[in-house]
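One structure is given below, encoded as structure tokens.
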Amino acid sequence: MPISIAFLGRGGQGIVFAGTILSEIMFNEGYYISQLQSYGAEVRGGTVIAYVVVDEKPIENPFIESFDIAVVIHEDGLKRWSEHIKRSRAVIVDRDLVKTRYPNMVEAPLSKKALENNVYTSLNIVAVGLVLGSGILRVSEDTIDNVLKTRRGYEQNIKAVKLGIDMAENLKNVFAYLKE
């Protein structure tokens, strides 16, 4: 069952933080977790990927060439890891920040909705909520709440994660085949 989830973007968008929060939530749900990230030497403004492998049993090899779900919130991250993305199963791209399209991509108004709901600085956490709302992993609201309470910006982050979960409802058809 290993499920692989990636967040891609630019340094400064909180990509690594998104991977860390997802990892903590899934770990607290009792899953085995492997989290990896890669970013350029320039860090802020450079390309960043953070990915998480989640499984019900110990993870033997966390190094993968594609993802079950990838959420791309900036064009630069997509360009750097395009070969991984082309092979991935479900790729959600921010409609306004990512212009390149491949056949396995679905657009979502992540940054637009984050702006409208005053959580743009937590766009990364909206992406986490989108993954949690996909339904491919079992997760409780209490676990999400408990993990976010340990971090700065709790009120904004809980609002952002709920926005992402709500947005996932519109993508149920995208996530449906991942459950098979």
* Structure fact -> Highest GNM mean-square fluctuation among Thr47, Thr121, Thr100, for the chain with Cα springs under 10 Å, belongs to Thr100
* Please state, as a whole number in µm²/s, the translational diffusion coefficient that the Stokes-Einstein equation yields for the chain at 37 °C and 0.692 mPa s, with Rh defined as the Kirkwood radius across alpha carbon pairs. => 207 µm²/s
* What is the log10 of I(q)/I(0) for the range 5-56, computed with the Debye formula using one identical point scatterer on each Cα and no solvent, at q = 0.20, 0.26, 0.30 Å⁻¹? -> -0.61, -0.86, -1.04
* Pick from Gly153, Gly11, Gly164: which is most flexible by mean-square fluctuation in a GNM of the chain where alpha carbon atoms under 10 Å apart are linked? -> Gly153
* Once phi is turned into ³J(HN,Hα) by the Karplus curve 6.51 cos²θ - 1.76 cosθ + 1.60 with θ = phi - 60°, what whole-Hz value does each residue of the range 54-60 show in order, with x for glycine and proline? -> 10, 8, 7, 10, x, 8, 7
* Structure fact -> The answer for chymotrypsin sites (Phe, Trp or Tyr not before Pro) in the range 55-88 that fall in a DSSP coil and have at most 16 neighbouring Cβ atoms within 10 Å is Phe63
* Specify the residue with the greatest mean-square fluctuation among Asp68, Asp142, Asp76, computed from a Gaussian network of the chain linking alpha-carbon atoms under 10 Å apart. => Asp142
* Roughly what % of DSSP beta bridges within the chain run antiparallel, to the nearest 5? -> 55 percent
* Asked: Counting only residues 5 or more places away or on other chains, whose amide H sits under 5 Å from the amide H of Thr47 once H atoms are built in the peptide plane?
  -> Gly11, Gly40
* To do: Would you mind checking the pairs Lys79/Lys172; Lys79/Lys99; Lys57/Lys162 and listing those with alpha carbons more than 20 angstrom apart?
  => Lys79/Lys172; Lys57/Lys162
* **Inter-probe distance in nm under a simple model that places probes 7 Å from Cα toward Cβ, at Asn173 and Asn28** => 3.5 nm
* Each residue of the range 148-157 in turn: what ³J(HN,Hα) in whole Hz from Karplus with 6.51, -1.76, 1.60 and θ = phi - 60°, glycine and Pro shown as x? -> 5, 5, 7, 10, 5, x, 3, 4, 5, 5
* Take Ile165, Ile92 and sort them by solvent-accessible surface of the protein heavy atoms, 1.4 Å probe, largest at the top. => Ile165, Ile92
* Normalised contact order of the chain, rounded percent, pairs of Cα under 8 Å and 6 or more residues apart -> 21 percent
* **Calculated from backbone phi, Karplus (6.51, -1.76, 1.60) coupling profile of the range 106-115 in Hz, x at Gly/Pro** => 10, 7, 9, x, 4, 5, 4, 5, 4, 5
* Excluding Leu78 itself, calculate the net charge of residues whose Cβ lies under 12 Å from the Cβ of Leu78, where each Lys or Arg counts +1 and each Asp or Glu counts -1. => +2
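The values are calculated or read from the model by the stated rules, or taken from the named source; none is laboratory data. Since we're looking at a predicted model, the values are computed, not measured. Please note: Cβ atoms are built from the backbone with ideal geometry, for glycine as well, and neighbour counts cover all protein chains shown. These area figures cover heavy atoms from the full protein model, side chains too; ligands, DNA and RNA do not enter into them. Shrake-Rupley method; radii C 1.70, N 1.55, O 1.52, S 1.80 Å.
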